[in-house]
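Worksheet for the structure shown next.
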Amino acid sequence: MSEVLGRLFTFSGIGELLGLPFVQNALIACAVLGLVAGSLTPLIVSRGMAFAVHGTAELAFTGGAAALLIGVGVEIGAVVGAVVAGLVFGLLGLRQRERDSVIGVVLAFGLGLGVLLLALYSGRASNKFGLLTGSIVSVDSTNLTVLAIVAVLVMGTLAVLYRPLLFASADPDVALARGVPVRFLSLVFAVLIGLTTALAVPIVGAVLVLSVMIAPGAAAARVTANPLLATVLAVLFAELALVGGTVMSLAPGLPVSGYVATIAFLCYVGCRVVARLRGRRVAAA
């Protein structure tokens with residue numbers, strides 16, 4: 001047991017590793033992803049779209065697998081697959097009672113197709129494994145360029161549409177009655193989720209993308225109902241999970257996704273504990 005823990009939690013040679021260009025690229029990518037994902041995740045949680053994020057991740061995985069097979073950048077394929085997923089979910093599953101069934105159908109199709117495409121790919125096995133669990137080695141200048149473009153697009157759109165998005169997320173019926181274009185906003189938000197998920201898949205993998213896209217917002221929602229404060233906390237939790245998880249995975253040489261998911265989970269558990277203690281204190285008072 002001690003040997004396993006020693007391998008999981010070691011910082012031997014961490015200084016030299018932090019000086020490597022690909023590690024610095026990965027840390028920059030994680031910081032940008034933490035900002036974008038942390039800004040979106042409170043809205044995702046309030047809209048109850050966790051399953052949609054999972055379905056989008058599977059389509060991003062399929063797009064990345066197709067990109068591997070035809071020889072183009074994985075990040076481009078992931079973006080295309082995730083945007084297609086967002087459009088499908090936005091157009092076919094806007095109603096709450098339809099959403100889960102549409103996502104389930106598309107998710108199963110995307111996952112099956114992605115596995116088939118990976119089976120046809122004859123390149124390095126590490127490329128296949130990286131799509132599922134993430135790989136910081138795959139983050140290069142091309143990835144950073146795509147990441148920066150998508151991040152600016154997502155954050156710019158969110159800045160312009162944040163107030164109506166928040167209104168439509170909190171009470172869509174009242175927002176619709178007040179003239180807010182709920183259907184259009186749902187479609188736009190689904191595409192934003194798709195773009196952000198596409199950024200997360202090459203870093204943390206399709207399997208554990210929920211740890212970045214859901215856990216920070218779910219944790220923040222346990223300790224505050226203020227939308228602005230929830231967004232700030234979600235960004236902090238996302239940055240802690242992504243950057244901290246990447247640093248912790250360097251010396252062991254293990255997949256980054258496990259560390260990211262663990263830190264995100266601990267943030268969520270900690271916020272639940274704080275919320276429970278606060279509730280007991282209020283009840284006692």
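If the condition is being modelled with pLDDT under 80 and small (Gly, Ala, Ser), then the stretch 65-76 contributes 71, 73.
So is residue 78 open to solvent by less than 30 Å² (accessible area, probe 1.4 Å), small (Gly, Ala, Ser) and in a helix (DSSP H, G or I) or not? Answer is yes for this residue. Listed by position, the helices (runs of 4 or more DSSP H) enclosed by the stretch 175-278 that each have at least 2 residues that are of a type outside the set (D, E, K, R) and without any contact (Cβ under 8 Å) to a residue 40 or more places away in the chain are 182-204, 227-250. Residues in the stretch 28-75 that are open to solvent by 20 Å² or more (accessible area, probe 1.4 Å), hydrophobic (A, V, I, L, M, F, W, C) and either touching a strand residue (DSSP E or B) at 6+ places or on another chain (Cβ under 9 Å) or farther than 30 Å from residue 164 by Cα (or both): 28, 66, 68, 69, 70, 72, 74.
Does residue 235 count as farther than 23 Å from residue 31 by Cβ, open to solvent by less than 60 Å² (accessible area, probe 1.4 Å) and modelled with pLDDT of 80 or more?
Criteria not met by residue 235.
Answer yes or no as to whether residue 8 is among the aliphatic types (A, V, I, L, M), at pLDDT below 85 and farther than 24 Å from residue 153 by Cα. Yes; evaluated as a whole, the condition is true for this residue. Can you work out which of the residues in the stretch 134-190 that are of a type in the set (Lys, Arg) and modelled with pLDDT under 85 is least open to solvent (accessible area, probe 1.4 Å)? Across the stretch 134-190, the extreme among qualifying residues is 183.
For (1) at pLDDT below 65; (2) open to solvent by 60 Å² or more (accessible area, probe 1.4 Å); (3) assigned to a helix (DSSP H, G or I); (4) under 30 Å from residue 259 (Cα atoms), each residue gets a yes or a no:
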| site | (1), (2), (3), (4) |
| --- | --- |
| 87 | no, yes, yes, no |
| 90 | no, no, yes, no |
| 103 | no, no, yes, yes |
| 111 | no, yes, yes, yes |
| 114 | no, no, yes, yes |
| 117 | no, no, yes, yes |
| 122 | no, yes, no, yes |
| 127 | yes, no, yes, yes |
| 130 | yes, no, yes, yes |
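Does residue 262 count as open to solvent by 50 Å² or more (accessible area, probe 1.4 Å), among the polar types (S, T, N, Q) and within 18 Å of the chain's Cα centre (by Cα)? Here the answer is yes, as residue 262 does meet what is asked. Against the definition (touching a helix residue (DSSP H, G or I) at 6+ places or on another chain (Cβ under 9 Å), modelled with pLDDT of 90 or more and open to solvent by less than 60 Å² (accessible area, probe 1.4 Å)), how does residue 197 come out, yes or no? So residue 197 fails the test.
Only a single criterion out of (1) part of a loop (DSSP other than H, G, I, E, B); (2) within 16 Å of the chain's Cα centre (by Cα) is not satisfied by residue 72, namely (2).
The values are calculated or read from the model by the stated rules, or taken from the named source; none is laboratory data. Treat the numbers as computed from the prediction; the structure is a model and nothing was measured. In this analysis, Cβ positions are derived from the backbone assuming ideal geometry, glycine residues included, and neighbour counts consider all displayed protein chains. In case anyone asks, the SASA skips ligands and DNA or RNA and just uses the protein heavy atoms, side chains included. Shrake-Rupley method; radii C 1.70, N 1.55, O 1.52, S 1.80 Å.
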